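Accompanying notes for the structure given below.
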């Protein structure tokens with residue numbers, strides 16, 4: 001269930017990803033950073049991990065398969081931190097889920113000439 005986060009997102013997978021996400025992160029990039037000694041602390045590593053999950057949460061629609069994978073993968077991380085890194089904590093502020101009514105209001109408040117929302121978010125692998 002960690003497949004959506006293993007490699008960098010490409011524009012072929014998600015055309016507007018880099019318009020929405022300004023600081024992309026994925027497990028492959030994190031592994032490279034580990035291999036070359038870029039992380040100076042556990043907290044730096046956990047910060048990148050939070051970025052992976054926050055990006056996925058920001059980009060993908062509620063109820064998407066990617067967000068389901070996020071919940072499972074993040075819970076595994078929490079369990080591993082507790083088991084293997086005593087004294088370290090992992091906590092991430094999660095996005096508040098908007099009610100359908102609030103989402104509708106947000107769409108109505110937009111510029112009438114703006115492009116329609118891309119409803120394909122969450123259908124492809126995105127971080």
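Please treat every number below as a calculation from the coordinates, not as lab data. Keep in mind that what you see is a predicted model, and the values were worked out from it rather than measured. A quick note on method: Cβ atoms are made from the backbone with ideal geometry, for glycine too, and the neighbour counts reach across all protein chains shown.
What FRET efficiency comes out for residue 94 versus residue 36 if R0 is 35 angstrom and r is the Cβ-Cβ distance? Round to the nearest 0.05. Mind showing how you got there, number by number?
Working: r = 31 Å, r/R0 = 0.88.
FRET efficiency, residue 94 to residue 36: 0.70.
At a Förster distance of 25 Å, what's the computed FRET efficiency of residue 75 paired with residue 28, Cβ-Cβ distance as r, to 0.05? Write out the running numbers ahead of the final one.
Working: r = 21 Å, r/R0 = 0.85.
Plugging the Cβ-Cβ distance into 1/(1 + (r/R0)^6) gives 0.75.
Counting pairs of alpha carbon atoms under 8 Å apart in space and at least six apart in sequence, what relative contact order in percent does the range 3-109 give? Can you show the working numbers first?
On the way: 70 pairs, mean separation 23.6, N = 107.
Once normalised by length, the contact order is 22 percent.
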